[in-house]
């Protein structure tokens, strides 16, 4: 678990990017040819455990994600990106091809006594985070949020029900438009946004059935209560995560904003705010019993309930503050943000909620 302790447990506060010690990246330059078929065009992005490059091949432009030597060494053991991408590729659903990143090729590069795994996919366009920046106050129109929500639930339906995999890191940075990458001089425009669909990408921290289901996951502000308290978690953690994202897209800011005080930690305040959306004291016994199994139960609870409390403010009340409340929206968000994981509907069941059945903009590529 040394690798996981250093890599997958170190989560930044804001957007949840994983922070890892410096590992060895493969040195790449434009014009270089990899695996005898991919000519590097330019770098698209970089992180602490991978770099992403645009490459030209006989099959057109491709995105090459090259993992560090350290992450490569732990594939199939404590990191599972290749395994999950293979599972997605074999899923028997049209949604798997449209809503999730598709693996087209992979190979290892041996250089300077180290191996680097290269994952080949189609290049994608701007992220949802970049899309949000085009709107005033970073608030998306409700009709666009419905489309994003529906398409992400379609992605999770495949990932959860066919692949039995938890994404663990759903955030606007990891939700991409299915367009070609923009050039350095191009800007996102509304026409591109409305004609494109959304793809759930970056499966680098996804956990398949064989992986551990108790470690710290998710961006801090989007973290499910069972994760905060150190309970075992499953696919329902993704449902909570997505519920927080839907709120964020509608109101332009995080629903929960963890912050430390003089006598409490940021995590204690976060959990108090979460419980304030659903319960008043005393907490129901079944709720206490659920979280009593968590590794950190005593940090957050005593015999009377939560160690600190926050003002009660239901999901419906918060929506009303922003003049967004409708019974249909309140119903789906309340369902996604149920504090007990087992009470949250599946992605498949959420697709049948009335809010998503209302008219949503589509184009020919969705048919």
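Filtering region 224-243 to residues that are part of a loop (DSSP other than H, G, I, E, B) and closer than 13 Å to residue 159 by Cβ leaves 234, 235. The residues on offer are 96, 24, and the sole one that is outside the structural domain of residue 154 (by TED's automatic domain parsing), at pLDDT below 95, surrounded by 19 or more Cβ atoms within 10 Å (Cβ to Cβ) and not in a strand (DSSP E or B) is 96. Note on region 129-153: among residues that are touching a strand residue (DSSP E or B) at 6+ places or on another chain (Cβ under 9 Å) and closer than 22 Å to residue 205 by Cβ, the one that is modelled with the lowest pLDDT is 130.
Restricting region 78-93 to residues that are more than 25 Å from residue 181 (Cβ to Cβ) and in contact (Cβ under 8 Å) with a residue 12 or more places away in the chain, the residue that is surrounded by the fewest Cβ atoms within 10 Å (Cβ to Cβ) is 92. Of the residues making up region 46-64, just one is loosely packed, with under 13 Cβ neighbours inside 10 Å and closer than 20 Å to residue 79 by Cβ, namely 46.
Please work out which residue is farthest from residue 216 (Cα to Cα), limiting yourself to region 271-288 and to residues that are outside any loop (DSSP other than H, G, I, E, B) and over 28 Å from the mean Cα position of the chain (by Cα). Among those residues, the one meeting the criterion is 285. Quick check on residue 250: is it part of a helix (DSSP H, G or I) and either touching a strand residue (DSSP E or B) at 6+ places or on another chain (Cβ under 8 Å) or surrounded by fewer than 16 Cβ atoms within 10 Å (Cβ to Cβ) (or both)? It is false that residue 250 is part of a helix (DSSP H, G or I) and either touching a strand residue (DSSP E or B) at 6+ places or on another chain (Cβ under 8 Å) or surrounded by fewer than 16 Cβ atoms within 10 Å (Cβ to Cβ) (or both).
Based on what the data block shows, is residue 45 within 22 Å of residue 169 (Cβ to Cβ), free of Cβ contacts under 8 Å to residues at least 60 places away in the same chain and out of contact with any helix residue (DSSP H, G or I) (no Cβ under 7 Å at 6 or more places or on another chain)? So residue 45 passes the test. The numbered conditions (1) crowded, with 22+ Cβ neighbours inside 10 Å; (2) within 13 Å of the chain's Cα centre (by Cα); (3) not in a loop (DSSP other than H, G, I, E, B) are all true for residue 203 except (3).
Residue pairs whose Cβ atoms lie under 8 Å apart, separated by 6 or more positions or on different chains, with the first residue in region 275-292 and in the same structural domain as residue 303 (by TED's automatic domain parsing) and at pLDDT below 90 and the second loosely packed, with under 12 Cβ neighbours inside 10 Å and not in a helix (DSSP H, G or I), are 281/304; 282/304. Within region 273-332, restricting attention to residues that are within 20 Å of residue 230 (Cβ to Cβ) and in contact with a strand residue (DSSP E or B) (Cβ under 8 Å, 6 or more places away or on another chain), the residue that is surrounded by the fewest Cβ atoms within 10 Å (Cβ to Cβ) is 292.
The values are calculated or read from the model by the stated rules, or taken from the named source; none is laboratory data. Computed from a predicted model, the values in this text were never measured in an experiment. Note that each Cβ is placed from the backbone with ideal geometry, even for glycine, and that neighbours are counted across all protein chains shown.
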